[in-house]
Amino acid sequence: MSKADLTFINNCRDILNNGFWDTGHNVRPKWDDGSPAHTIKKFGVINRYDLSEEFPALTLRKLAFKNCIDEILWIWQKKSNNVKDLSSRIWDSWTDKNGSIGKAYGYQLSIKHKYSEGEFDQVDRVLFSLKNDPLSRRIITNIYNHADLHEMGLYPCVYSLTLNVTGDTLNGILNQRSGDFLVANNWNVCQYAILLHMFAQSCNLRVGELVHVIADAHIYDRHIPVLETLISKSPLPAPKLKINPDVTDFYKFTVDDFTLEDYQTHEFKERIPVAV
């Protein structure tokens, strides 16, 4: 039985049963018809995923696995801020006429900074530290750059990753300011699980725990009927992640180097509206 499913179900039930409704307040997000998109939320949701035990893809509904990986490569490997470098259309609502999301996500990771060891962007700094000083307690990335927020199509939701090596095992803490639970929660979890696997394989490490911290974990009002149907289902066995063992260069991974074996899922055909 998938532990990720159980975590997701428990989180959703806790939010629905014990959360705070923002109805009666002015809210920024809107539905396509212009109506305010209200949410029920919990503050400070923390989950742990042992990636050495299972890959945390939901079985309650099918994860768009290839698109999920394509986006994390777009941000962390290509360090792009333009949708022309992305296969899916998930960012179209936040782009300008040129297809750019502004100084957000991959743009921030591409900026070079000076360190005592040399000049690196944030991704190359992580790779350098994991290979040369793996027990460092300073392996941190942060893309919430206040100086550039006014030039971002969307403020970063997932904004900080702290990596920590224990023995030969790589662990990570993912910080997220805002989490749309139905649309994006498992997507984000699986993306950063993939990223940890990429860093681990590139640096001759084993993968360990991913700790996911969400400041504002919320469910939109129009998502509740779909979500209640979803969490009434019984979890199936977790899939197995297979990675091409020949790739040891972080920048050489492609979407096709990752596959999920024995991935069983429940049927899910409901359309999920996205608030913008």
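The values are calculated or read from the model by the stated rules, or taken from the named source; none is laboratory data. Because the structure is a prediction, the values reported are computed rather than measured. Cβ coordinates were reconstructed from backbone atoms using ideal geometry, including for glycine residues, and neighbour counts include every protein chain displayed. With ligands, DNA and RNA removed, areas are computed over all heavy atoms of the protein, side chains included. Shrake-Rupley method; radii C 1.70, N 1.55, O 1.52, S 1.80 Å.
Annotation: of all residues in the range 84-93 being open to solvent by less than 60 Å² (accessible area, probe 1.4 Å) and either on the phi > 0 side of the Ramachandran plot or in a helix (DSSP H, G or I) (or both), the one that is modelled with the lowest pLDDT is Asp92.
Of all residues in the range 54-83, those satisfying the criterion of being in a helix (DSSP H, G or I), of a type in the set (D, E, K, R) and within 21 Å of Leu161 (Cβ to Cβ) are Asp70, Glu71. From the list Val27, Val45, the lone residue that is out of contact with any Leu (no Cβ under 6 Å at 6 or more places or on another chain), hydrophobic (A, V, I, L, M, F, W, C) and buried (at least 16 other Cβ atoms within 10 Å of the Cβ) is Val45. Screening the range 104-122 for residues that are open to solvent by less than 20 Å² (accessible area, probe 1.4 Å) and touching a Lys or Arg at 6+ places or on another chain (Cβ under 7 Å) and picking the one that is farthest from Gln77 (Cα to Cα) gives Asp121.
When the residues of the range 104-124 are filtered to those that are part of a loop (DSSP other than H, G, I, E, B) and among the small types (Gly, Ala, Ser), which remaining residue is farthest from the chain's Cα centre (by Cα)?
Ser116
Count of the range 20-47 residues, restricted to those that are part of a strand (DSSP E or B), free of Cβ contacts under 8 Å to residues at least 40 places away in the same chain and of a type in the set (A, V, I, L, M, F, W, C), is 2. A search for C-beta distances below 9 Å between a residue of the range 260-276 that is over 30 Å from Arg28 (Cβ atoms) and any residue that is open to solvent by less than 70 Å² (accessible area, probe 1.4 Å) and not in a loop (DSSP other than H, G, I, E, B), counting only pairs 6+ apart in sequence or on different chains, returns Leu260/Phe65; Leu260/Leu241; Glu261/Leu241; Tyr263/Phe65; His266/Leu230. Consider Arg13 carefully, then state whether it is assigned to a loop (DSSP other than H, G, I, E, B), on the phi < 0 side of the Ramachandran plot and open to solvent by 10 Å² or more (accessible area, probe 1.4 Å). Answer is no for this residue. When the strands (runs of 3 or more DSSP E) confined to the range 146-258 are screened for residues that are touching a His at 6+ places or on another chain (Cβ under 9 Å) and open to solvent by less than 20 Å² (accessible area, probe 1.4 Å), those reaching at least 2 such residues are found at 169-180. Name every residue in the range 30-42 that is open to solvent by 30 Å² or more (accessible area, probe 1.4 Å) and closer than 18 Å to Leu182 by Cβ, in order of residue number. Passing the criteria: Lys30, Asp32, Ser35, Pro36, Lys41, Lys42.
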